[in-house]
Amino acid sequence: MCRCVTNMKVKLKSHLYSQFERLKSEGNIIEYVFWWVSRITMIYACVIMPGKVAPALYLAIVLNTLATFAVPVFSAIFPQKLLFGRLSFRTQTYIDLFVLVGCFFNNCVDTYSVIEFYDKWLHFFTGFGCVFLGIELLKALFPKERFSRNASLFSAAGFSFAIIVIWEIFEFLSDFFIAGSANQGYGIGANFNMLFFKIFGQGAGNTGQYPLFDTMFDMMAATVGIVVALIVGVIIGRLVERKKVK
């Protein structure tokens, strides 16, 4: 019995040490500090937000707070034979960015009154960020494969598009069946002061089409973010290749 416990301690110590070595190789001190800034910020939100938001929204804040600990916890618990055990620590950085931009600044801070069309910028950022998150997931899914830069970016772009579409479907269903159709504005007349109409013109601005405009504009903003991410990814890839040649 004692020998079994000792072996378990040795294995656990070895596993934790290997994860620490991974952390040093995959991340850097700036990212590590950012993780803790994100965690402290979200824990603070959990403390101050009860009673200020609906229970369902507060639950989302709590879950987002837990997400800031996800990758280190998964790496400590799961073996690298499983996907969760292979997630890179860089993945945690992207998760924290989504948590702060999508949850904290969206629900805990009145960002909408400060930044005009924050929702559209949020979708742009989501489309952009999901491309790089997709690359990390691709590495975790196929650790033995070595994909070309273009293949990785193409696959990650598909992942980002899927996330955007799934989110819009979820948003529609939750608004329509949970919150009620009025929440998504089916009875609201077209507001021609909206940025959508300023860009594309009045078009078929009929009452009842407001949700369609909002959803399509969200997807357009996300698509622009994906395209920008692909351009950035190609530029970064070429810079890395040039450094290797030198």
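Computed values, structure above
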{"quantity": "Those residues of the stretch 216-231 which are more than 14 Å from residue 117 (Cβ to Cβ) and either free of Cβ contacts under 8 Å to residues at least 40 places away in the same chain or not in a helix (DSSP H, G or I) (or both), in sequence order", "calculated": "216, 227, 231"}
{"quantity": "Where a residue in the stretch 135-152 is under 23 Å from residue 235 (Cα atoms) and its partner, wherever it lies, is part of a helix (DSSP H, G or I) and open to solvent by 100 Å² or more (accessible area, probe 1.4 Å), with Cβ under 9 Å and at least six apart", "calculated": "145/139; 147/139; 149/238; 152/139"}
{"quantity": "Any hit, the stretch 30-47, residues being surrounded by 15 or more Cβ atoms within 10 Å (Cβ to Cβ) and touching a Cys at 6+ places or on another chain (Cβ under 8 Å)", "calculated": "yes"}
{"quantity": "Test: residue in the stretch 10-29 that is under 30 Å from residue 108 (Cβ atoms), open to solvent by 100 Å² or more (accessible area, probe 1.4 Å) and modelled with pLDDT of 85 or more", "calculated": "no"}
{"quantity": "All positions within the stretch 101-121 that are free of Cβ contacts under 8 Å to residues at least 24 places away in the same chain and part of a helix (DSSP H, G or I)", "calculated": "105, 106, 111, 112, 113, 118"}
{"quantity": "Some residue of the stretch 99-114 being modelled with pLDDT under 95, under 15 Å from the mean Cα position of the chain (by Cα) and open to solvent by 80 Å² or more (accessible area, probe 1.4 Å)", "calculated": "yes"}
{"quantity": "Selected residue (only one of 185, 201 is at pLDDT below 70 and buried (at least 17 other Cβ atoms within 10 Å of the Cβ))", "calculated": "185"}
{"quantity": "Meets criteria (out of contact with any helix residue (DSSP H, G or I) (no Cβ under 6 Å at 6 or more places or on another chain), buried (at least 17 other Cβ atoms within 10 Å of the Cβ) and at pLDDT 75 or above) for residue 214", "calculated": "yes"}
{"quantity": "Output for the stretch 55-88, where each listed residue is open to solvent by less than 60 Å² (accessible area, probe 1.4 Å) and of a type in the set (D, E, K, R)", "calculated": "86"}
{"quantity": "Count of the stretch 127-155 residues which are over 16 Å from residue 240 (Cβ atoms) and hydrophobic (A, V, I, L, M, F, W, C)", "calculated": "10"}
{"quantity": "Total residues in the stretch 118-156, condition in contact with a Phe, Trp or Tyr (Cβ under 9 Å, 6 or more places away or on another chain) and open to solvent by less than 70 Å² (accessible area, probe 1.4 Å)", "calculated": "21"}
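The values are calculated or read from the model by the stated rules, or taken from the named source; none is laboratory data. Being a predicted model, the structure only gives us computed values, none of them experimental. Every residue, glycine among them, receives a Cβ derived from its backbone with ideal geometry; neighbour counts consider all protein chains shown. In case anyone asks, the SASA skips ligands and DNA or RNA and just uses the protein heavy atoms, side chains included. Shrake-Rupley method; radii C 1.70, N 1.55, O 1.52, S 1.80 Å.
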